[in-house]
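Below is one structure; the comments refer to it alone.
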2 protein chains.
Amino acid sequence: MLIVPEREIADLMTREAAFDAVEKVFAAMASGDAYNFPVVREAIGHEDALYGFKGGFDRAGLTLGLKAGGYWPNNLEKRQIINHQSTVFLFDPDTGKAKAMVGGNLLTALRTAAASSVSIKHLARKDARVIGMVGAGHQAKFQLRAALETGNFEKVIGWNFHPEMLPNLEEVASEAGLPFEAVDLDGMTEADVIITITSSFEAILQADHVSPGTHIACMGTDTKGKQEVETALLGKARVFTDEVAQSVSIGEAQHAIQDLTIHIEDVAQLGAVINGTNPGRTSDDEITLFDGTGVGLQDLAVAAAVVDLAVEKGIAIEVDF
Amino acid sequence: MLIVPEREIADLMTREAAFDAVEKVFAAMASGDAYNFPVVREAIGHEDALYGFKGGFDRAGLTLGLKAGGYWPNNLEKRQIINHQSTVFLFDPDTGKAKAMVGGNLLTALRTAAASSVSIKHLARKDARVIGMVGAGHQAKFQLRAALETGNFEKVIGWNFHPEMLPNLEEVASEAGLPFEAVDLDGMTEADVIITITSSFEAILQADHVSPGTHIACMGTDTKGKQEVETALLGKARVFTDEVAQSVSIGEAQHAIQDLTIHIEDVAQLGAVINGTNPGRTSDDEITLFDGTGVGLQDLAVAAAVVDLAVEKGIAIEVDF
């Protein structure tokens, strides 16, 4: 039994390893080699916490297990620890024995960032130069940092409901040596790639804020009721997702499905593009939209990758379980 | 983070501690202080394994977490390890952080045995002297051993589809200094308490194999399609269970509900008897029947108890997670 504590993840895990792990597991999902289990998510009636399990099995990567944890909204104020708390447990698919336990907090941020980056690699125009961020919170920094590694971006533009948080984006842009500009939502028409990463419950980005040829990664909507973009935008776009069932029920596509702007057949798996069974972008003026809902297999994939790295570097704690 | 490996459980956990933990959590379930989450159970398409998660939260005992694992049918033959493999993970309900990891194999056997014993304590006649076992496999030994501690039994009788396994029961009876007798199913009329613990898919015990005043604990049925006793027996009995929703869907009561012998209102929580809000047995010639389906909260309760014992004895492995 191997243990990789949360405090080790930052030094071990790379954005490259997260990207590779997520790309591979999206492909395995689309080819039918990997699937996610039903998600358990419970308001437990204690500390206003949401707690649950996201499990899955990847037959190709032989990764089996779950992420357990959730959201404890009082953690930061009461205890100076982060509100999102999760742990990944990996099992040996040959025997059913517990195999590894891995801190899941930073991994969750990295796998979410990797997902939008994988979508940019496979769906954005190769000549994309301006990246637009809608949202400037903690997770936005992860998304932007990972995204900047996927292409030859020359400029970052950003909008946030609370403009005082925009320096978060500026910081990441300048790490990469890029200029940053705060814009109105209208100004997003300049972007070739847009990432939305908010906790909004109503559409922020409208269809006319987006130019032809743009790739949009909607990363904030993971619950019934949340919404980041106008449904008309999904109507104008070719829509891709990590998992169709989640996309149409708790993802960004839920609203466009409900108001009949699109139908379930209009939502394709990003993994199919990776595998080459879906052509992905077919022209330079198409709008592509990735609805990133977040699946357990992503967590398992990055956890398995970090266990390998920890073993390689002699950092994994071995317990005779 | 505390770790209690499987190999330590046998020396740490007592049948008394398992009994107390299960009795307490059944009571908490009936009073609304504890609840089980939806069960995830997946045929993963590898090694013919069934894998899943049983989680729950006990607000009274502040026990939160899950049992993960399942059934790997080739383990014993291929690898000389047992086919049922599980691990319990406990979380801190105040923060969402992982708190303990505990080997779940022996605990599962002990909590299942404790459940029928709790039912015997609260539902069997106080003058019960003969205990009858239907089933004589590995788990039957656990059930019988625990049951014999609940009362003043003077004799064990037993039946099994494969009679060559009956010495399993004889062994446990003689440990307790009691005579054992192999009987036909007709012979079960001699029993004051009957435990069924088989993997049968059709009724074994018929209504006329059971005398008035008997308490029956049906412990084998935990899946759609399994069945141990004739539905007419449930019609003649007062029916109790660990969890009503499981009892009527995957427990022994599923068939009697389907053929309308009983209705969901006829199935009561054993916890309500423990709490005193249900009178339980009201006469010496009533037949009482406990449908033990097995819930995640039982696993969490015995795991929490064993962690306390391991800490007390300085055996828990502490990992800075």
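The values are calculated or read from the model by the stated rules, or taken from the named source; none is laboratory data. Since this is a predicted model, take the numbers as computed values, not measurements. Note that each Cβ is placed from the backbone with ideal geometry, even for glycine, and that neighbours are counted across all protein chains shown. Side chains included, ligands, DNA and RNA excluded: accessible areas come from the protein's heavy atoms. Shrake-Rupley method; radii C 1.70, N 1.55, O 1.52, S 1.80 Å.
Every residue in the stretch A:21-46 that is more than 30 Å from A:LEU309 (Cβ to Cβ) and open to solvent by less than 30 Å² (accessible area, probe 1.4 Å), please.
A:ILE44
Across the stretch B:212-239, what is the number of residues that are open to solvent by 30 Å² or more (accessible area, probe 1.4 Å) and more than 21 Å from the chain's Cα centre (by Cα)?
Of the residues in that region, 4 qualify.
Can you report the number of residues in the stretch A:283-321 which are under 13 Å from A:HIS215 (Cβ atoms) and of a type in the set (S, T, N, Q)?
2
Specify which of the listed residues (B:THR87, B:THR63) is among the hydroxyl-bearing types (Ser, Thr, Tyr) and more than 7 Å from chain A (Cβ to nearest Cβ).
It is B:THR63.
Scan (1) within 14 Å of chain B (Cβ to nearest Cβ); (2) in contact with a helix residue (DSSP H, G or I) (Cβ under 8 Å, 6 or more places away or on another chain); (3) open to solvent by less than 50 Å² (accessible area, probe 1.4 Å) for the single condition A:LEU289 breaks and write down its number.
The number of the failed condition is (1).
Here are some residues: B:ALA49, B:ALA113, B:ALA98. Which one is more than 9 Å from chain A (Cβ to nearest Cβ) and either open to solvent by 50 Å² or more (accessible area, probe 1.4 Å) or modelled with pLDDT of 95 or more (or both)?
The conditions single out B:ALA113.
Give all pairs with beta carbons closer than 7 Å in which a residue from the stretch A:176-197 that is under 23 Å from A:ASP284 (Cβ atoms) and outside any loop (DSSP other than H, G, I, E, B) meets a residue that is among the charged types (D, E, K, R) and open to solvent by less than 60 Å² (accessible area, probe 1.4 Å); count only pairs at least 6 apart in sequence or on separate chains.
These pairs meet every condition: A:THR196/A:GLU228.
Looking only at strands (runs of 3 or more DSSP E) that fall completely inside the stretch B:225-273, which ones have 2 or more residues that are over 21 Å from B:ALA34 (Cα atoms)?
B:227-229, B:237-241
Among the residues of the stretch B:1-11, which ones are away from chain A (no Cβ under 14 Å) and either crowded, with 21+ Cβ neighbours inside 10 Å or not charged (D, E, K, R) (or both)?
Once the filter is applied, which keeps residues that are away from chain A (no Cβ under 14 Å) and either crowded, with 21+ Cβ neighbours inside 10 Å or not charged (D, E, K, R) (or both), the stretch B:1-11 yields only B:ALA10.
Of all residues in the stretch A:181-202, which are open to solvent by 30 Å² or more (accessible area, probe 1.4 Å) and either aromatic (Phe, Trp, Tyr) or touching a Ser or Thr at 6+ places or on another chain (Cβ under 8 Å) (or both)?
Selection gives A:THR189, A:GLU190, A:PHE201.
Of the residues that sit in the stretch A:83-132 and are closer than 25 Å to A:VAL183 by Cα and part of a loop (DSSP other than H, G, I, E, B), which one is nearest to the chain's Cα centre (by Cα)?
The residue in question is A:ALA124.
On the given criteria, is B:THR14 among the β-branched types (Val, Ile, Thr) and within 8 Å of chain A (Cβ to nearest Cβ)? First the steps, then the outcome.
Working: among the β-branched types (Val, Ile, Thr): yes; within 8 Å of chain A (Cβ to nearest Cβ): no.
No, not satisfied.
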